[in-house]
Structure formats: structure tokens, C-alpha cells
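The values are calculated or read from the model by the stated rules, or taken from the named source; none is laboratory data. As the structure is a computational prediction, the values presented were derived from the model and not from experiment. Heads up, the Cβs are rebuilt from the backbone with ideal geometry, glycines too, and the neighbour counts pull from every protein chain shown.
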Amino acid sequence: MDYDLDRLGWRQMEHLAESLVLNILGNGVSVFGDGPDGGREAVFDGPIKFPEPDPGGPWNGYGVVQVKHRTHSRGRSDNVQWLQSQIREEVNEWLDPKSKRGKLPDYFLVITNVGLSPEPETGGWAKIEKYMREKVLPRLPFKGWRIWDYTTLSRLLDDTSDIVRSYYGLITPGDVLARLHDYVTGLAPDLGDTLLTHAAKELLAEQSVTLGQAGDREEGRLALNRVAVDLPAEWHDQDVKVVAHVLKRGEISSRPNDDGTSHRPLVVLGGPGQGKTTVAQLICQAYRVAQLLDVEDDRLPAEVRALRDEFVGDIIGKLGIAIPDRRRWPFHVRLDRYADALAKNPDLTLLHFIAERVSKRSVREVTAAQMVDWLARWPWVLILDGMDEVSDPHDRDRILGHIQDFRVEAAYRTADLLLLVTTRPQGYLEEFPSEKYDHLSLRPLSTAEALGYAERLAEARHPADGEQRQEVLRRVGEAATEEQASRLMRSPLQVTIMTLLLERRRRPPQHRFGLFKGYYDTVFAREVAKRTVDAGLLDRHDALIHQLQAEAGLLLQARSEREGEAEAALPLDNLRALAARLLREEDNEADVVDDLSTRLVDVAGRRLVLLTPRPNGGFGFEVRSLQEFMAARALLSDSDPVVTQRLTVLASSNHWRNTWLFAAGGVFAEKRHLREMLMSLFATVNQGDNIALAVRPAAHLAVDLLEENVADASPKFQKALAGEALELLRHHPDLHLKRLAEVLADVVERMPAVEDIVIRAVKDAFAASGRPALSALMVCATWVGGEGRLVERARAWLAEARTDLAQVSPRQRGAVAGLAATFPFVQLREFELTSLMARRRESISAAMDVVRQHPTLTQGDLPLVDRIIETLGMAEVERSHWPEGGLDVVRGDRSYRPDLSGLGPALDNQRVAAALIAAMDDVGLADWPIASMLRRALTLWVQRRPVTGLLPRAGLTDPGAWP
């Protein structure tokens, strides 16, 4: 078989050559890794089993192996001259006494991807042999030399299938990929064709940006390749571009130990509308295009060829992203859809789910067994998108289990797998721990990046109207200079909505609620302004249409909390029932209700393009943030007492968090008289039950509100929010303190009046010692690693803490060392204890045995207590002995996340909850990581428990439609 060795690049060519040399020449060869190698990819010194057969016998002496890779060598007429120049340079280096290359080799093996033609006297081989005989050997008389050119390498690779397997995605031409059965045994003969056609179909199916069609009936869908940008992210304190980073990672084999390293999966963390799904689309499309570039044009439909070529021009030409050389097979899994499938079949593995999805787009059925073989033989990139959209705890736990099973399967088969997961940072508890996954945190767009994206968007929407395009960009540019508006241009979704808004209005909104409301109002006004029958209907029933979409959003948000409806959809009958109820409330006659409800639902879906048909039936919002915004409008559409009750019920829930934040923005924007209510609501939320009293969920909510900037125009409320958020300093350290510190640093930069509150709270925490001081240390370590007004003050606090540490008790010093061990901040390394010894892992069950002794428990409570101890006691900590202090230092597990799905009856029991909280509070200071892990479990319970059933339903939807 012929191979595409050009695509390897010099680095992968070296790795492949080293593998071949070890296989053919034997273990007597020493290979060199990356870095300076003195002109040697490999050496041997002594007898080796090469060449066979040979008149002079096997080589025996000192030999050097060199690799010469030429980019785009195919069809070049000067390949012989290029190879001769490469050999000449090496000979000159050896003969130069200043080169420090050491002794001269007896044997010389050159491995190259250039091809040498076989014609006598005039061919490439004849010219190289003459060059060696006349120019090289007189100067450096090798005992033996060989050149493995392209043809030789191809034949050697044919005989070394294990090596070829590691490089399938790089060296296999596309036409061979389509006829996989010609060279890979054990697979169905038609699988190669099936997967290649699947790539072409997916290229067409995922060519548009989701929001591109919203309110955009005139211009049509927006092509991903025309508007997409590579998003910025933080990775190990570096600023990277996500797509370029992932594609670069994908060029390296991920098979275990292929190059002496272990390549970890990736997690992309990004907030609502920050572009996680678009990034997933862009990565998959890049790999699909790479595969289809190798396929003959006559085997592809015209629309596939056109899209492929447009993608190459737009992505390479405008974004500078290289098309991947390693031809990985891409698959994009929407985890909300997988969760729905698991609700029907809990044993549905990821491989079975992928096989089912491929089969749906194929004329042939693809089995999970075939996918396993494909996984073992061909490089993959698998993107698991939207873990945050799976809110049901049962679904999340099942998905995490299936992901782990899939990774075990891939590792067992030494798969070349690039795995990427996306999720929101809100409520993320390192379900994918940083010890096993690399994390890319999407950062807000800079002003320049936001304007660059707006320019691409405007060009795509108005390609033929330069004047309109320039006017929109002028307005967007002005908005970017305004402090409030510029903070609404930090994500691709926000920039998209801002750009669409400023096509019709001159002034931008000032808050996120206003941004989405302005977008919806603009879409609605655009349709009403048209001289059509539909426009008249929308104008006449505008209030009803607004309420219909808002209640649809609320109902969908409620349903998506329920198991099996992560990607909820409303049946058409439910939508009509909603419209009919609203019409009846206006005293419309029955015959009018029947006819008009059908027409209103039809025009709302067809003209506003917000509620759209879902792939599996029913209607839904294509963009999750639009659904959450509409649900927030529904929550606010009633009397003040009812609104207060609704917001109180939903305040602690992670599933409802973005909806709640939209509603809070609506209070500050449109219901300002309810702002005091919103602040007093915090106390109610914190006093909901024993567990709420212990974990103070309102403090986490206050951090989110500060980040939302809802109270930026009111120092009074901003201070109140900061005070509530700083309550987190009273609790045990955990990952949430890093986010608290980052948000407070940003708030202080914008509103110095908050600085005094922050400084006073940190000082009080240090003065209180114990766990508040530990939390203050972690906050200060975060500030020192950033920038802004608090950096120098935090640095001084850390220096003072280091001084004080010499005077505190061993118990306190051990607790601080546990902080440095559990949270590896660079700024905390000075607090580590170097004399730790006798490390051991142990369960935290022993620390929880005191729960059973709590005096308020009844005999009937004990089985519930035992269930909690059994579940939470599965967590482990690392305990190390500190000889100088005579005590142990405990290191917690940052990724600890218990399965709470079966503990509802136990944690809902107030006596049991009180006993657990008492045990958590009684844990000694040095053992604070145990208490922190218990508090994390309780916080997780509060944030993830379903609350939809507690929401007042009156006046919202028909009881039969509510979950």
C-alpha cells in the first residue's frame, strides 16, 4: 500500500522511523527523543541484525541513523538534489572538528520520505549511488550505508502492521480510508465507506451556527466557517486559542506511551453562550474536512465539495487554523441527548449510543462491536458536549460511569483517542479531576476579540451592503467603549445579540437581561413591521405571544430538570393548550379559541424562529440561554408575593441558576421596587432547613449576582451582595473560594467602595484563626496570582501569615500545610512541610461514626444514618505524619463527588441532617479537609435536588402539562 508520509511532519516522521529501526535492526539500537541529538536519531555500536542478506554480512561497528523529512515531497523534480544537500551537510558536520559530534560512524542509514526513481543511470537511485561513491566515500569511508526512501519505507510498513496502526490517521490516504477492508482485517467490509459518508453528512448537518437563524429569515442561516472564531482560554496559566490548541494536541498520538508520555483528556469550561458547542462543532468540522480533502472529487456531491473548500479558505485563510494532518475520526455527542437515551436504557454504553447515531445516517447498520474495532485501529476525537445541561443527578452519575467505562475500553485497546468534555463552571466540582484531565477555561473576549467577531458576523449577514455593514460596526465599536455595554460583549452569544440589536437601534442595553430582552423585542418588531397577514396577527396579539413564549420557556426548563427530558421538547398540543388558556382568560369564544390558538402557535414558531421544531418531535428553543431568559420572564409575570415565592423556591438550584440570574436582572431592570425583597430573600434561603443553615447557599448565589453586575449602578446593593458572598470565608476552604476571590477582585476594580468591605472581612477571617484563616489564605493566594488593586495587599497578608506561622500551634501549622497540599497554588508552596512522611490513604468513615451518637436521633433514624455513612464514607484522604509537630497532615480530594441519588430520605430527615452537620463542625482543625469534603457533599445536595415540584403553578400552565 502507498502511504502519505509527507503529512507526518518531521517530528512524527522521526518517531515512526525510530519505531521501524528498533523493529528491524533490533534492541541493540539506542534512539533519541526530542531535543538536540548531535545529528543522530538513533545509534548502535556493535553487531546488529542488518542488513539481511548482504554479501558483507551484518553490520558490526558504530552506526548512525538519520531522518530527513521534506514537506510536500510528492512530484518534486529536485528531490535528489535536496537529499544530496542533506547528506553533504551531515558529512561536513562530522568532518568539522568544531562540531563536537564525536567519533566518525562506520555505518550510515538515512530514512527519508522522498522517493527515488529506479531507472538505470538516470534515475534517482543511480544518482544517489554515484554521489555517494564519488563525493561522500572518499571523504568519509563508511563500511556500509543504506537509504530507506519512500518506496522502501512503504514496503517496510506493509510488514509492520503494529507500527502502521499507530500512524493510521497520518499516513493513510483518504481513498484507502474509504476502502478500509482492503488492509484492515476483522471489520465489516463496508465500515470504511459508512464512516466516510457519515463524515460528509455531518459536515453538511453542522455547517450553521445555532443562533444564526434566530430572527434572520431574510438572510437565511449563517455558515459556521464564515462567522466562527477561535476562542481564547486559560491553560496552565497560559493564554491559548481553544481550537488551535486542541488540533495541535491531536497531531500527537494519544496511544498510551506511544511517545513516552500519557496524553490526558481535555475539559473545556465555559459559561452560558460562551461558545462551547460552537468550538465543538468547529473542531469536528476541521477533522471532517481533513478526511474529505483526501477523497477524489467525483466521489463527493457538489455541495459537499463546495462546503469543504469554503471551510478550508475561511478557516485557514482568515483564522490561521491549520487543517489537521492526523486524520482523526470525529464524533460529537450531545450529553443531554445521551442522558435522555439512558433514561430509557440505563445500560446503553457510549459505544452503543455512537453506533446508533451513525446508523441513523447510514443505509447500513453499524454495531458497537464494529465501533470498538474502529476505535482500536483508527485515531478518534470524541467530544462530549454539555455536561452542565444534564441536571438530573441520576443521569449525571450514569454518564460519568459510562465515560469512565469508555476510557477503560479505549485504554485496554491502546486507542489513539483525543477526548474532550465541555461544561459550565457554575456548579462544577471537578467531576473530571485535574489530576486526570487538562482543563481549558474559556476567558471573556477582549474588546479587540469581540470587535473581530462582530466584523465577521456583520460581513456574513451583509456581504453585499458595505454601507450597512460599516454602520453596524460603528455602533458596535461605540458600545465597546462604554463601560456597561462592553461587559455585555464578553461571549460570542452576547456579541451576536448586540450586533443584531444595533442593526435596528442606536443605543446598546446595559445589562444581560436587557440584552436578551432587546434582542427578543427587535426580532418581534422586525416581524411586526412587515406588511403581511402574519405581521398583523403578531401586532394584534403581541401580549399573548410574549406570554406564550415565556411560559413555554418555563415549562421546558421545568421539564428538563426531570430524568429523561434533559433535552426537553413541548408537543404541539401542549403549545396550543397554552395559547388556548391565554385566549380563554381574555373571554374569547370557544370557536375563536380553537382557531386562533392554532394560528398563533404557527406564526410564533414560523416567524419569530425562537421556538423551533426539535429533531425528535415537539418544539423547543435551540439556544439554551433563550429558554432560560423566557422562563425568567414567566417567573416575573405575576404579583409581587408570587414572584417572591418563586424566586425563593428556585434560588438554591443549579439547574435553575441561569434562569434565576436572568430574573434577578429583570428585577433590577424592570421591578426595582423588589430589589430589597431580593436581598432579604437571602436570609430565607439560608434558613430553609438544617442543611441550608450549614452551607449558606445564598452566599454562592451572591457571588453569581456580583459576576452578573446586576447591581453595578447601585453601590448600596453591590455592598450588600459582597457582604453576603464574603460569608463563604466562615466555612472550610474549597474550590468555590477561588471563584469568590476572582469575582471580588473584578468588583473592587469597578467599584472601589466595595474594597473596604472586602478588606475588613479578610482581616476578620485572619483574626478569627481556625478555618476562616485558612479560607482567607486561599483567597489571598488567588489574588496574588492575578492582578489589580488587591494584589499587593494580599501579598502582604501572605507574608504576615508566613511570619505568624512560626508562632502558632502545631495543630494550626498542620492545618495550613494541609491547605497547601490540597490546593496546589504556587503562592501556597511556602506553607508546605517538607518533613512529611509515612503517607497513607484512608477512608473518612471513622470521622463519621460520631453521627450515630447524636442525642436527637431515634432508633428509627439509625438505618438512614448508616446509609449516609456508607455512601459518604467511601471518600478517602491522604494522611501524612509530621514528626516535628507530632501530628498528621491531611490532604483532601479536590474531585470528591459522592453519589447522593439514594440519600434523599436520609438528608431530608432533619434530625439526621442535624447530626451530620454537628459531626462536620466537630472535626478537628487539622482534619479540616474531611469537614470540607462533607460540606461539599451537602452543598451538592442542596444545589442538585429537584425543586420544580415546589414551584407555585397557579396561573402558569395547565396542570396536565406540568411535570
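Any residue in segment 109-123 that is closer than 18 Å to SER85 by Cα sitting within a Cβ distance under 6 Å of a residue that is in a loop (DSSP other than H, G, I, E, B) and among the hydrophobic types (A, V, I, L, M, F, W, C)? List the pairs, counting only those 6 or more apart or interchain.
From residues that are closer than 18 Å to SER85 by Cα, the pairs are ASN113/LEU5.
Only one of these is at pLDDT below 90, of a type in the set (Asp, Glu) and within 36 Å of the chain's Cα centre (by Cα): GLU870, GLU884. Name it.
Residue meeting the stated conditions: GLU870.
Where in segment 582-688 are there helices (runs of 4 or more DSSP H), lying fully within it, with 1 or more residues that are of a type in the set (A, V, I, L, M, F, W, C), under 30 Å from the mean Cα position of the chain (by Cα) and closer than 18 Å to ALA552 by Cα?
624-635, 640-650, 657-670
One line per residue, one yes/no per condition, for (1) surrounded by fewer than 20 Cβ atoms within 10 Å (Cβ to Cβ); (2) in contact (Cβ under 8 Å) with a residue 12 or more places away in the chain; (3) of a type in the set (Gly, Ala, Ser):
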position	(1), (2), (3)
ALA410	no, yes, yes
THR414	yes, yes, no
THR422	no, yes, no
GLU431	yes, yes, no
TYR437	yes, yes, no
LEU457	no, yes, no
ARG469	yes, no, no
ARG474	yes, no, no
ARG487	yes, yes, no
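Could you say whether any residue in segment 449-459 is basic (Lys, Arg) and not assigned by TED's automatic domain parsing to the domain that holds THR481?
No - not one qualifying residue is present in segment 449-459.
Residues are listed down the side, and each one gets a yes or a no for (1) out of contact with any helix residue (DSSP H, G or I) (no Cβ under 8 Å at 6 or more places or on another chain); (2) crowded, with 19+ Cβ neighbours inside 10 Å; (3) at pLDDT 90 or above:
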| site | (1), (2), (3) |
| --- | --- |
| LEU335 | no, yes, yes |
| ASP340 | yes, yes, no |
| ALA355 | no, yes, yes |
| VAL366 | no, yes, no |
| ARG377 | no, yes, no |
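Take the residues of segment 17-47 that are modelled with pLDDT under 85 and hydrophobic (A, V, I, L, M, F, W, C): which is surrounded by the most Cβ atoms within 10 Å (Cβ to Cβ)?
This residue is VAL31.
Looking at ARG443, is it within 16 Å of the chain's Cα centre (by Cα) and crowded, with 19+ Cβ neighbours inside 10 Å?
Here the answer is no, as ARG443 does not meet what is asked.
Cβ contacts < 8 Å: first residue closer than 14 Å to ILE545 by Cα, restricted to segment 509-524; second residue assigned to a helix (DSSP H, G or I) and of a type in the set (Val, Ile, Thr), any location; separation 6+ or different chain. Result?
Close Cβ pairs satisfying both conditions: PHE524/ILE545.
Out of the residues in segment 242-279 that are in contact with a Gly (Cβ under 9 Å, 6 or more places away or on another chain) and either part of a loop (DSSP other than H, G, I, E, B) or aliphatic (A, V, I, L, M) (or both), which is modelled with the lowest pLDDT?
My answer is GLY260.
When only residues in segment 385-401 that are over 21 Å from VAL947 (Cβ atoms) and surrounded by fewer than 20 Cβ atoms within 10 Å (Cβ to Cβ) count, which is farthest from the chain's Cα centre (by Cα)?
GLY401
Quick one: in segment 518-528, which of the residues that are of a type in the set (Ser, Thr, Tyr) and touching a Leu at 6+ places or on another chain (Cβ under 7 Å) is surrounded by the fewest Cβ atoms within 10 Å (Cβ to Cβ)?
THR522
If a residue has to be within 30 Å of GLY452 (Cβ to Cβ) and without any contact (Cβ under 8 Å) to a residue 40 or more places away in the chain to count, how many in segment 321-343 make the cut?
Matching residues across segment 321-343 total 1.
Can you tell which of ARG506, ARG540, ARG531, ARG512 is loosely packed, with under 14 Cβ neighbours inside 10 Å, under 36 Å from the mean Cα position of the chain (by Cα) and over 30 Å from PRO346 (Cβ atoms)?
ARG506
Take GLY401 and tell me if it is over 25 Å from ARG559 (Cβ atoms) and either assigned to a helix (DSSP H, G or I) or out of contact with any helix residue (DSSP H, G or I) (no Cβ under 7 Å at 6 or more places or on another chain) (or both).
No, not satisfied.
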